[in-house]
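Colleague: This is the structure I have questions about; it appears just below.
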Amino acid sequence: MAFNNPNLLPAASSGFESGDHGWIEPTNSTLSIVTGQWLSGSQSLRMTATAAGSASVSTPYVTTGIAPGTEYVCRVPVRVGTATAGKTLMLRMLFYAPTGGNIGYRDMSIAIAPTSTGWQNANYPTVSMVAPAGATKMRAVLTVNGLAAGEYVNTDDVYIAPTERRAGDLLDFETSSFESGPGRWSVTNGTLARFGGFLSSGAGFYCMGATSDAAGQVPVRTVDMYPVVAGKQYVAVASTQASTAIDVAFGIEWYSASNTWLSTSAFTHTLDGTLRRIVASGVAPAGAAKARVLARGNATAAGQIFYLDDVSLMPPSTIAGNLLTYEEYSTESTLPAWTIEGGAVADRAYLVSGLTEGFYALKLTPETVGSGIITARLDRLVSVTPGTTYQVGAVIFRHNTGAPQVINSATRVILDWYDADGNLFQPDNPDQFFPADQGAEWYAMTVSETRKCPEGAAFARVGFQVDTASPLVDAWYADVIYLREATSEYDLVADNATGCITLTVNYVPANGSNASNVTIQRMDEDGKAYPMRAYGRTWDLAPNPYSVMVVEDYEAPLGTRVWYSVQWSSNTGATRGPRIYTQSVNTPILADPDYVWFKSPGIPALNTTVMMEAPLKWSRAARSARYDIVGRKNPMHITGPRAGRTSSLTVLVWDPAANALFDSLLDSGTVALIQAMPGYGIDGNLYVSVGDVDVEPLSPDAREEGWRWTLDITEVDRPDGGLQGSSGSTWQTILGNSAYGTWEDLFRAHETWTTVLTKG
């Protein structure tokens, strides 16, 4: 993690490609730019001794990017021209006050093997240091001892920059990265040395190797102890490799304030020639105030080497507010207890990606390929508070055998509730499966759902499900598993009084996420999808409002179950950001099955219930024709598709307000939607075009309220278009509107009943 920051040296002074190198103060030497001997580019800087002895040269002063308290690293590669004994290299990093005085420096010295020439790949001098208080500039000085007159050394690809550390890392750069050697570590029954090469990208150019003196334990630990807080969890991480298979217990040693050893949290890994990250986590025990990082090899013979690089000791990284432990979240050191249903074996597996945390994940291997739904539930019950909304989420990877075929698979998370005695209180009605129809060898799905903890629940149990019938899927991986308090991603409310389901989408994509459009659909039990109506348009690639969205669905079939899909996308329809696939919800019902809804799909304020006087009798007119042909016995039949269904419908309305509302619905001239409870004889949604209409009072002397309406109807397809107004505007709201003192005031304000109900 040390060599990713931008170089503070200008390119001309680090790569020497322009010829104007800017290096200063050559002592007993001359400087020149040469070609053919380089680490990067095509040129390097050569320092030639003018007399026998020592020669030195300085980088330019660095005056920008220097901050007291920040740790810096300097690396100066060296190429030796001749193989003679007695040469040593020293690299000095110096810091200066504004007045120019030297206020701190640090040296790093190495010896060059007497037979060595060329670039010293195993011995690039590297030094690191924290800038002292008051420092405003710095430089590095390279000194070579033991040169004969005319001998030279080259340098190239010189680097000075702040070191890069992980957030919260307790280890300093020198302990972590081994650029200056293994001096900050100790060993028993072995020797430590700096080796050229690195085990972790961006972690510098060297690693530390521990070589066993004999068979037995080879404990390697940090010399320094680092402050910790009892009861807090910490994680140690390292890149590792070994010359041969060797078991290494890696972990954290806990100490008291008086340096008394208390306990060790260690986990054994078998290292070999494979480069791998290893992790150990543990909670600082009572009385702990300090900690060391430990790597204890179990050598079976002398000369066995295991390597460490890029070591860290830090608090664990997790999602803010996560109620799960670090191991439940990321499976880094151990595999927590999971219950698996559906035929799969759980294991802890190495998995590194840009979406996962750490280097390991929970792995599910199906016992039978293509086995279908596999359910994994964490055994531990997590304490929760009734009335609080929680979010459960995970990143789930699917791996297939690599065959280039589209694979149908899906996954989702689940959240069950338990009572105070640990008994199942309420199982989850989970969100829909998130599908992944992809042919890639690896495919990741980020899934989550939110639920409000019901009254009577005391614990929650998290889990997830995967679903595949493809024999190509050989494993599933789960990581970044969390449970936390959150705002509900969405809310679903079914209202029998209005015959409406209201979907409130609380999730709002960030501005700049390129989620410029949104599509919202209702998914019926028969698998059909319908775009939801928005105000003035439909939610079909509609402009994203970047705010909470409220969707009123007056067309969900009565007495069934539906769910909703919310998908953000670019203006071309390409998926952007997360999807929301809601849980299933029971649609509204009519308490009195003798009534049916008569709705205007675009003007919900006109929706009303009426009583059908008789079942529908359908007619379907023929569109085919027969023609008699002279000289032929039988006529010619010209085929045409039969016309849609038509009927004469009689409905009864019992009060003046409902009668006026029904009259307004007919006045609109739009397609009407008729909905009835299952078993009534009207299956699903019936959209009709209303033709001629007759109305008559039910009482011949007009002393009793009631009207009979006779309508000629023709079945039509679901109409397009959005919504105008809401069912929130009713006769009751109009009557209670103080803006109108009399009916005459209301009539003056609006020309028709439709405008009364849609505009209030």
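Colleague: Provide the packing ranking of 277-288, 416-427, 705-716, i.e. peptides ordered by the mean count of other C-beta atoms within 10 Å per residue, highest first.
Modeller: Values: 277-288: 19.8, 416-427: 13.9, 705-716: 16.8.
So the order, starting with the most tightly packed, is 277-288, 705-716, 416-427.
Colleague: Which distance in Å, rounded to a whole number, links the C-alpha centroids of the range 354-416 and the range 213-231?
Modeller: Value for the Cα centre distance between the two parts: 36 Å.
Colleague: To continue, here is another question. Calculate how steeply helix 656-668 sits against the longest principal axis of the alpha-carbon atoms of the chain, using the helix alpha-carbon long axis, and give the answer as 0 to 90 degrees to the nearest 10.
Modeller: The angle comes out at about 70 degrees.
Colleague: Putting +1 on Lys and Arg Cβ atoms and -1 on Asp and Glu Cβ atoms, find which of Tyr477, Tyr326, Ser256 reaches farthest to the positive end of the dipole of the chain.
Modeller: Comparing the listed Cα positions along the dipole, Ser256 ranks first.
Colleague: Taking only C-alpha pairs under 8 Å that are 6+ residues apart, what is the relative contact order of the range 1-125 in percent?
Modeller: Values: 186 pairs, mean separation 24.2, N = 125.
Relative contact order, the range 1-125: 19 percent.
Colleague: Also, quick follow-up: Give the Rg/Rh ratio for the range 1-59, taking Rg as the radius of gyration of the Cα atoms and Rh as the Kirkwood radius, to two decimals. Mind showing how you got there, number by number?
Modeller: Details: Rg = 12.9 Å, Rh = 12.6 Å.
Rounded to two decimals, Rg/Rh equals 1.02.
Colleague: Among the lysines, which fall within straight-line cross-link reach of Lys137, defined as a Cα-Cα distance under 18 Å, with same-chain neighbours fewer than 8 residues apart omitted?
Modeller: none
Colleague: While we're looking at this one, here's another question. Report the paramagnetic label zone for Thr50: residues of the range 138-180 whose backbone N is under 13 Å from a point 7 Å from Cα along the Cα-to-Cβ axis.
Modeller: 150
Colleague: Just to be sure I understand the model, the point goes 7 Å from the Cα along the line to the Cβ. What's the resulting Asp107 to Thr710 distance in nm?
Modeller: So the label points at Asp107 and Thr710 sit 11.5 nm apart.
Colleague: Given Cα pairs under 8 Å that are at least 6 residues apart, what percent is the relative contact order of the chain? Don't skip to the answer; put the middle values down first.
Modeller: Numbers: 2021 pairs, mean separation 54.8, N = 760.
Relative contact order for the chain comes out at 7 percent.
Colleague: A follow-up question, please. Could you rank the peptides 20-31, 128-139, 323-334 by their average count of other C-beta atoms within 10 Å per residue, with the highest value first?
Modeller: Working: 20-31: 15.8, 128-139: 19.0, 323-334: 21.6.
Top of the packing list down: 323-334, 128-139, 20-31.
Colleague: Something else: How long is the gain from Ala302 to Trp442 if the chain were fully straight, where each residue apart is worth 0.36 nm and the alpha carbon distance is subtracted?
Modeller: Additional length available on full extension: 46.2 nm.
Colleague: A further question on this structure: Farthest toward the dipole's positive end in the range 335-418, which of Gly402, Tyr360, Gly343, given Cβ charges of +1 (Lys, Arg) and -1 (Asp, Glu) about the Cα centre?
Modeller: Towards the positive end, the residue furthest out is Gly402.
Colleague: Name the residues whose placed amide hydrogens come within less than 5 Å of the amide hydrogen of Val218, ignoring near sequence neighbours (fewer than 5 apart) on the same chain.
Modeller: Gly297, Asn298, Ala299
Colleague: Taking a point 7 angstrom from the Cα of Ser619 along the C-beta vector, which residues in the range 675-707 have backbone N less than 19 Å away?
Modeller: 688-695
Colleague: Mind pulling up the Rg/Rh value for the range 457-593? Radius of gyration and Kirkwood radius, both on Cα. If you can, show how the numbers build up before the last one.
Modeller: On the way: Rg = 17.3 Å, Rh = 17.1 Å.
Radius of gyration relative to Kirkwood radius: 1.01.
Colleague: Let me ask another. Multiplying the sequence separation of Tyr350 and Asp592 by 0.36 nm and subtracting their Cα-Cα distance, what value in nm do you get?
Modeller: Net length gain for the segment: 81.1 nm.
Colleague: Which length gain, in nm to one decimal place, applies between Asp717 and Thr334 when the Cα-Cα distance is subtracted from 0.36 nm times their residue separation?
Modeller: Values: separation 383, 0.36 × 383 = 137.88 nm, distance 5.80 nm.
Full-extension gain reported as 132.1 nm.
Colleague: While we're looking at this one, here's another question. What residues qualify as long-range amide H neighbours of Thr82, i.e. H under 5 Å apart, gap of 5 or more or another chain, H built at 1.01 Å from N?
Modeller: Tyr152
Colleague: Of all the accessible heavy-atom surface of the range 36-80, with the other protein chains kept in place and a 1.4 Å probe, what percent is carbon and sulfur?
Modeller: Details: 800 of 1560 Å².
Ligands and nucleic acids excluded, carbon and sulfur reach 51 percent.
Colleague: Here's something else I'd like to know. Stick to Cα atoms and the Kirkwood definition of Rh, then tell me Rg/Rh for the chain. Let's see the in-between values first.
Modeller: Details: Rg = 38.4 Å, Rh = 33.0 Å.
With Rg and the Kirkwood Rh in hand, the quotient comes to 1.17.
Colleague: According to a simple spin-label model (label point 7 Å from Cα along Cα-to-Cβ), what is the distance in nm between Thr188 and Asp419?
Modeller: 5.5
Colleague: Compute the FRET efficiency between Asp745 and His637 as 1/(1 + (r/R0)^6), taking r as their Cβ-Cβ distance and R0 = 51 Å, and round to the nearest 0.05.
Modeller: On the way: r = 64 Å, r/R0 = 1.26.
For R0 = 51 Å, the calculated efficiency reads 0.20.
Colleague: Still on this structure: Placing +1 at every Lys and Arg Cβ and -1 at every Asp and Glu Cβ, with all other atoms neutral, what dipole size does the range 203-294 have around its Cα centre, in debye to the nearest 20? Intermediate results must be reported in sequence, preceding the final value.
Modeller: On the way: 6 positive and 5 negative charges, 59 e Å.
Its charge dipole is roughly 280 debye.
Colleague: Let me ask another. Can you work out the accessible area per residue across the chain, with the rest of the protein chains kept in place, probe 1.4 Å, in square angstrom? Don't jump to the answer; show the numbers that get you there.
Modeller: Numbers: 32650 Å² over 760 residues.
That works out to 43 Å² for each residue.
Colleague: Give a quick list of trypsin sites (Lys or Arg not before Pro) in the range 318-383 that DSSP marks as loop, anything other than H, G, I, E or B, with at most 15 other Cβ atoms within 10 Å. Provide the component values of the computation, followed by the final result.
Modeller: Numbers: sites: Arg348, Lys363, Arg377, Arg380; in loops: Arg380.
Of the trypsin sites (Lys or Arg not before Pro), the ones in loops of the range 318-383 whose Cβ has at most 15 other Cβ atoms within 10 Å are Arg380.
Colleague: To continue, here is another question. For the chain, what is the charge dipole size about the Cα centre, in debye to the nearest 20, if Lys and Arg each add +1 at the Cβ and Asp and Glu each add -1 at the Cβ?
Modeller: Numbers: 50 positive and 72 negative charges, 537 e Å.
In debye, rounded to 20, the chain gives about 2580.
Colleague: Continuing with this model, one more query. Quick check: Cα centre of the range 7-31 to Cα centre of the range 36-76, how many Å?
Modeller: 7
Colleague: Please work out the Cα center distance from the range 305-349 to the range 612-649, rounded to the nearest Å.
Modeller: 70
The values are calculated or read from the model by the stated rules, or taken from the named source; none is laboratory data. Everything quoted here is computed from the prediction, not taken from an experiment. Backbone-built Cβ (ideal geometry, glycine too); neighbour counts: all protein chains shown. Just so you know, the surface numbers come from the protein's heavy atoms only, side chains and all, with ligands and any DNA or RNA stripped out. Shrake-Rupley method; radii C 1.70, N 1.55, O 1.52, S 1.80 Å.
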